[in-house]
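Please read the structure below before turning to the comments.
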Amino acid sequence: MILIAAFYLFATLVIASAVMVIFARNPVHSVMWLILAFFNAAGLMLLVGAEFIAMLLVIVYVGAVAVLFLFVVMMLDIDFAELRAGFVRYMPLGALVAVILAAELIFALGAWSAGKIDLAARAAPVVTDKSNIQQIGELLYTRYIFLFEAAGIVLLVAMIGAIVLTHRQRGGVRIQNISEQNKRRPEDATRMVDPGVGQGVEL
Amino acid sequence: MTETFISWGMDADWAWGVATIAGILLIALPLMLAVAMIIYADRKIWAAIALRRGPNVVGPFGLLQSFADGLKVFLQETIIPTSANRGLFLIAPIITFTVALMAWAVIPFNSGAVLADINVGLLYILAISSLGVYGVILSGWASNSKYPFFSALRASAQMISYEVSIGFILIGVVLFADSFNMNEIVKAQQGHGLGIVNAFGFNLLLFPLAVMFLISSLAETARAPFDLTEAESELVAGYQTEYSSMSFALFWLGEYANVLLMCTLNAVLFWGGWLPPIDWAPLYAVPGIIWLFAKILFFFFVFSWVKATVPRYRYDQLMRLGWKVFLPISLLWIFLISGWLMLTRYG
């Protein structure tokens, strides 16, 4: 009973907040609705027993990706009048993309449920007493090890690429050298002098 | 607790619901009381180190100071700046406060005394603590004011940076404990140090991680010396500048609840949680919750001590510490720990 209520709660909230992402006027509000959608999607994952994926969804998407979205959107200087002016011009293209996407989704779903895939094997999770994380780990590090490593290399290349593209050397910037500072002792910077009256100190 | 309610003749679903709500109240209400007292303790410790008296007027030894402050704040008018984004401005402190309470669901207070005994307890904590940043960013942005916005940017960069190294540090603990479940992590620490000491922290491989986790938890909760988000000499009061009355109090409560949570995590992950410090039978006569509280209070004392004695970091130094010191070391340590475990446990 609680499970069903929770499912409908999460499902309704996912759809409602996804709709609000599009309809919210303020882009920051859109990002907030997006976060709510991620959150409820994680709730749905929990209901099907994929607790590891649910937590990853929250950590990665809500905790990191959406924060970056929020950063970018907050910094934007958006002129709403200009945005709306382009609406009519881009409308046909947008509608076309939407229709194609919807058609593909319907097509894929139809093929999936009507095709020759063995229906009995489709949604039959293997019941074990191992936890979610152990099961995923066992698959990932044995059967899919090469794909896993390939994904790692792709991410590494992307990371290095992003750094190379955005890194620039600026001249005239004074950078703190921490180890040099830590090595500095009072004797290096100060000296005791005892000048006579009216003589002053030689610097 | 559910079984007790069922034995009283309740339906199983109802019993579960009532037991959960009772559990939430059993954690949240004492936590609020603890936050009030810990604010008092913080001020007293800080005052003692600065050779002052601290709060000593309201109640015996000033014990009721926090309650007086709470009442005062409660009676004040809530001021919303005209140019603020009204909805988000009011939601932001609620997010901070709620998130600070949510993480307590998976903290084990004694053997089996945990509200939600889930397999992914540690990941849940990571997920919830990554949410904490939203309260800060939103309050900074919704205030529509310069200093809060600067503070929000600083806070989010700081929290995200330190969450990365916290994540790696936690992986070290998980590798040794062989579980993400908080209770299992505590149990794995029994007799961990030479068969006598109940703590991961006494393991030579894990001690550096324990130190880094303590420092990262200072940064994660934006406590001194990493309190750049509310550096009063630069940013007035940071993201809280435009807040007043209860919305301000919610930030305050959420912040201290987070500090307590981080102290608890230090105790649970590295210093044995509800286990007594030494694996010696008579010590188990003391209830586990008392050991846990003693450890939490010890770490809170360390937090206050650091706050009173260490000067504030500069922002670039903070970022350097997070990305150039903690991240490489914690990554290296994962290699060391997994190598060591492959040799000894799985080899």
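The values are calculated or read from the model by the stated rules, or taken from the named source; none is laboratory data. Everything numeric in this text was worked out from a predicted model, so none of it was measured. Neighbour counts are summed over all protein chains in view; Cβ atoms, including those assigned to glycine, are modelled from backbone coordinates with ideal geometry. In case anyone asks, the SASA skips ligands and DNA or RNA and just uses the protein heavy atoms, side chains included. Shrake-Rupley method; radii C 1.70, N 1.55, O 1.52, S 1.80 Å.
A few remarks follow.
- Helices (runs of 4 or more DSSP H) within segment A:136-203 that include 3 or more residues open to solvent by 90 Å² or more (accessible area, probe 1.4 Å) and closer than 30 Å to B:Val120 by Cα: A:145-166
- All positions within segment B:1-53 that are within 14 Å of another protein chain (Cβ to nearest Cβ) and assigned to a helix (DSSP H, G or I): B:Thr2, B:Ala12, B:Asp13, B:Trp14, B:Ala15, B:Trp16, B:Gly17, B:Val18, B:Ala19, B:Thr20, B:Ile21
- Segment A:45-66, residues that are touching a residue at least 40 places away in the same chain (Cβ under 8 Å) and aromatic (Phe, Trp, Tyr): A:Phe52
Every residue, every condition in (1) over 22 Å from B:Ala257 (Cβ atoms); (2) open to solvent by 30 Å² or more (accessible area, probe 1.4 Å); (3) touching a residue at least 60 places away in the same chain (Cβ under 8 Å), yes or no:
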residue: B:Met10; (1), (2), (3): yes, yes, no
residue: B:Lys44; (1), (2), (3): no, yes, no
residue: B:Ile49; (1), (2), (3): yes, yes, yes
residue: B:Lys72; (1), (2), (3): no, yes, no
residue: B:Thr78; (1), (2), (3): no, yes, yes
residue: B:Gly87; (1), (2), (3): yes, yes, no
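- When B:Glu242, B:Glu232 are checked against the criterion of being among the acidic types (Asp, Glu) and either in contact with a Gly (Cβ under 9 Å, 6 or more places away or on another chain) or open to solvent by less than 50 Å² (accessible area, probe 1.4 Å) (or both), B:Glu232 stands alone in meeting it.
- The test for being out of contact with any strand residue (DSSP E or B) (no Cβ under 8 Å at 6 or more places or on another chain) and surrounded by fewer than 22 Cβ atoms within 10 Å (Cβ to Cβ) holds for B:Ala294.
- If the condition is being more than 25 Å from the chain's Cα centre (by Cα) and in a loop (DSSP other than H, G, I, E, B), then segment B:267-285 contributes B:Asp279, B:Trp280.
- Number of the exception - B:Met159 against (1) more than 30 Å from B:Gly339 (Cα to Cα); (2) assigned to a helix (DSSP H, G or I): (1)
- The residues listed here are A:Leu34, A:Leu46; of these, the one that is within 11 Å of chain B (Cβ to nearest Cβ) and of a type outside the set (Asp, Glu) is A:Leu46.
- Tally of residues being without any contact (Cβ under 8 Å) to a residue 24 or more places away in the chain and over 18 Å from B:Ala100 (Cβ atoms) across segment B:121-148: 1
- Residue identified as in contact (Cβ under 8 Å) with a residue 24 or more places away in the chain and in contact with an Asp or Glu (Cβ under 8 Å, 6 or more places away or on another chain) among B:Ser216, B:Ser151, B:Ser111: B:Ser151
- Top-ranked residue in segment A:49-64 [being modelled with pLDDT under 85 and more than 7 Å from chain B (Cβ to nearest Cβ); ranked as nearest to B:Leu131 (Cα to Cα)]: A:Ala50
- Boolean, B:Ile38 is buried (at least 17 other Cβ atoms within 10 Å of the Cβ) and aliphatic (A, V, I, L, M): yes
- Any hit, segment B:112-121, residues being over 26 Å from B:Ala22 (Cβ atoms), surrounded by fewer than 24 Cβ atoms within 10 Å (Cβ to Cβ) and facing chain A (nearest Cβ under 8 Å): no
- On the stretch given as segment B:264-289, residues that are open to solvent by less than 50 Å² (accessible area, probe 1.4 Å) and either in contact (Cβ under 8 Å) with a residue 60 or more places away in the chain or within 20 Å of B:Thr98 (Cβ to Cβ) (or both) total 11.
- Residue that is farthest from the chain's Cα centre (by Cα), among those in segment B:138-149 that are open to solvent by 10 Å² or more (accessible area, probe 1.4 Å) and within 12 Å of chain A (Cβ to nearest Cβ): B:Asn144
- Looking only at residues of segment A:2-31 that are touching a helix residue (DSSP H, G or I) at 6+ places or on another chain (Cβ under 9 Å), β-branched (Val, Ile, Thr) and within 14 Å of another protein chain (Cβ to nearest Cβ), we find that the one that is farthest from B:Ile128 (Cα to Cα) is A:Ile2.
- All conditions but one from (1) among the hydrophobic types (A, V, I, L, M, F, W, C); (2) part of a helix (DSSP H, G or I); (3) open to solvent by less than 20 Å² (accessible area, probe 1.4 Å) apply to B:Ala224; the one that does not is (2).
- B:Lys324 vs. criteria basic (Lys, Arg) and within 14 Å of chain A (Cβ to nearest Cβ): yes
- Taken over segment B:188-203, the criterion of being touching a residue at least 40 places away in the same chain (Cβ under 8 Å) and either touching a Cys at 6+ places or on another chain (Cβ under 9 Å) or over 16 Å from B:Leu341 (Cα atoms) (or both) is satisfied by B:Gln190, B:Gly191, B:Gly195, B:Ile196, B:Val197, B:Asn198, B:Ala199, B:Gly201.
- Long-range neighbours under 9 Å by Cβ, at least six apart or interchain, first residue among the hydrophobic types (A, V, I, L, M, F, W, C) within segment A:188-203, second open to solvent by 90 Å² or more (accessible area, probe 1.4 Å) and part of a loop (DSSP other than H, G, I, E, B): A:Val193/A:Glu202
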